[in-house]
Amino acid sequence: MIRRLIKSSKHHSSEEKNNENIFFVINVFGANLYEKPTLDSKVIKNIKIGESILANKTLKISQTIYIGTRFQLTGNFVQVKNQIYSGFIHSSDLTRFKPKLEPIYEDISIPDFKGKIIQKTTNKRIEVFNNHEYEIEEEITTYENVIHTYTNFGDCFEHTCLYKYMTLPEVYHQLPVHNPKIDVTPKGNFILMPEFIKKTDNKYDFKGRGITRSISIIKNKDQQYLISSLDCP
């Protein structure tokens, strides 16, 4: 697992911004503000999760952040200039969705992009495994921006969150939100990012922790991304 120190920020509503020049920091570790439009440049400061920035312009300079073999986050640089600071932010750390920040442990908060609840439904089905029939129950909660499905397999539980409008970098930054793990140390409290293992076709697998046996990002046939995790107490 990867750990980085983060601090809380202001609370926001989950409504989407209409101004195309306004972005919000989606990375739970914050967004680095670079002196020049390159990842090798000096870091001026780190802008906290949930904070808004007004983009001066988006440059046609693309650079890739490598997470692991066959998995990278590609983005452009957004130029930021205001009365407090000026510099450049890699677009993979930003989103146009305005999050609602939820405190989860002392000085640590995570963003909530679900939006308002639209409906809740429960489905039951029969599945056959090893010549035995099992009744599977699913609880589906549809939000404005996310569809959450909770499946009870008896000994294990599966959670899936379908992010209807988000890109791969945006969904990647939801991994520690979907399955938050906190490392409490004398030097501070750390949120842990699941460690990337491998990519197979349309599936990105990450290392589970604790009761979480597995966690993955999957691209479905509609070109949408979902996070799926399997918990076995």
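The values are calculated or read from the model by the stated rules, or taken from the named source; none is laboratory data. These numbers were taken from a predicted model, which means no experiment stands behind them. FYI the Cβ positions are ideal-geometry reconstructions off the backbone, even for glycines, and counts take in every protein chain you see.
Residues in the range 29-66 that are out of contact with any strand residue (DSSP E or B) (no Cβ under 6 Å at 6 or more places or on another chain) and part of a loop (DSSP other than H, G, I, E, B) were compared, and the one that is nearest to P111 (Cα to Cα) is K48. The residues of the range 85-132 that are modelled with pLDDT of 90 or more, among the hydrophobic types (A, V, I, L, M, F, W, C) and within 30 Å of S41 (Cβ to Cβ), listed by number, are F88, I89, L94, F97, L101, F113. In the set (1) in contact with a Ser or Thr (Cβ under 6 Å, 6 or more places away or on another chain); (2) within 22 Å of S109 (Cβ to Cβ), S216 fails one condition alone, (2). Restricted to the range 41-51, and to residues there that are surrounded by 14 or more Cβ atoms within 10 Å (Cβ to Cβ) and either within 17 Å of the chain's Cα centre (by Cα) or not polar (S, T, N, Q) (or both), the residue that is farthest from V25 (Cα to Cα) is I44. Among the strands (runs of 3 or more DSSP E) confined to the range 130-233, the ones with at least 2 residues that are touching a residue at least 60 places away in the same chain (Cβ under 8 Å) are located at 157-163, 182-185, 188-193, 196-200, 203-207, 225-231.
Among the residues of the range 66-92, those identified as of a type in the set (A, V, I, L, M, F, W, C), surrounded by 14 or more Cβ atoms within 10 Å (Cβ to Cβ) and more than 17 Å from I49 (Cα to Cα) are I67, F71, L73, F77. Just one of the listed residues (E102, E170) is in contact with a Ser or Thr (Cβ under 9 Å, 6 or more places away or on another chain), farther than 30 Å from K36 by Cβ and either crowded, with 18+ Cβ neighbours inside 10 Å or acidic (D, E) (or both), namely E102.
Checked against the criterion of being loosely packed, with under 15 Cβ neighbours inside 10 Å and among the hydrophobic types (A, V, I, L, M, F, W, C), the range 196-214 has at least one qualifying residue.
Across the range 194-233, the number of residues qualifying as in contact with a Gly (Cβ under 9 Å, 6 or more places away or on another chain) and either outside the structural domain of Y150 (by TED's automatic domain parsing) or within 17 Å of C156 (Cβ to Cβ) (or both) comes to 5.
For T212, the criteria (1) more than 30 Å from L73 (Cα to Cα); (2) touching a Pro at 6+ places or on another chain (Cβ under 9 Å) hold in every case but one, which is (1).
Within the range 68-98, the set of residues being in a loop (DSSP other than H, G, I, E, B), in contact (Cβ under 8 Å) with a residue 12 or more places away in the chain and farther than 19 Å from M193 by Cα comprises N82, Y85, R96, K98.
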